[in-house]
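Working notes, structure below.
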Amino acid sequence: MLVKGARQSRKSALVRQIGSTLDDADTRKAAQDDPRDFVTAEQTLIIDEAQRVPELFLAIKSTVDSDSRPGRFLLTGSARLLSMRAVPDLLPGRVETIELWPLSQGEIDATSDGFVDALFTEGPAVSY
């Protein structure tokens, strides 16, 4: 699943609570040095700012092609992520994209909305 959105829509803040960010130099270096190993995980792998290491997309494609269980990856990126030259050819049919707007309904209503949990339990049926 790919969560994309404009700058300041709080994508990074959302996933930093539960995943790694490629804004971190050490994490980015690990992803660049061995993308295939980086995406090998038993649990859901959450990667913030995925566009910072384009080589990850080929590794993710290969991993998903060999094991197509849904919910293995949650990626975030800028609104221009899918317009990157390499990405459109790698992920069709392999990724569900959700646009994250600057405020969730829960934030507007000052209540918990369980957005991330709903993404993994309801998948494409999530209404946002």
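Looking only at residues of the range 73-128 that are at pLDDT below 70 and of a type in the set (Ser, Thr, Tyr), we find that the one that is surrounded by the fewest Cβ atoms within 10 Å (Cβ to Cβ) is SER127. Could you look through the range 15-27, keep only residues that are surrounded by fewer than 17 Cβ atoms within 10 Å (Cβ to Cβ) and touching a helix residue (DSSP H, G or I) at 6+ places or on another chain (Cβ under 9 Å), and pick out the one that is nearest to GLY93 (Cα to Cα)? It comes out as ILE18. Per the conditions (1) buried (at least 19 other Cβ atoms within 10 Å of the Cβ); (2) under 22 Å from ALA118 (Cβ atoms); (3) modelled with pLDDT of 80 or more, the sole criterion not satisfied by ALA31 is (2).
Going through (1) open to solvent by 40 Å² or more (accessible area, probe 1.4 Å); (2) at pLDDT below 80 one by one, LEU58 falls short only on (2). Determine if the range 39-46 includes at least one residue that is open to solvent by 20 Å² or more (accessible area, probe 1.4 Å), assigned to a helix (DSSP H, G or I) and either over 18 Å from PHE115 (Cα atoms) or at pLDDT below 85 (or both). Looking through the range 39-46, none of the residues is open to solvent by 20 Å² or more (accessible area, probe 1.4 Å), assigned to a helix (DSSP H, G or I) and either over 18 Å from PHE115 (Cα atoms) or at pLDDT below 85 (or both).
The values are calculated or read from the model by the stated rules, or taken from the named source; none is laboratory data. Fair warning: this is a prediction, and the values are worked out from it, not measured in the lab. Don't worry about glycine lacking a Cβ; one is built from the backbone with ideal geometry, like all the others, and counts go over all protein chains shown. Note: areas computed on protein heavy atoms with side chains; ligands, DNA, RNA excluded. Shrake-Rupley method; radii C 1.70, N 1.55, O 1.52, S 1.80 Å.
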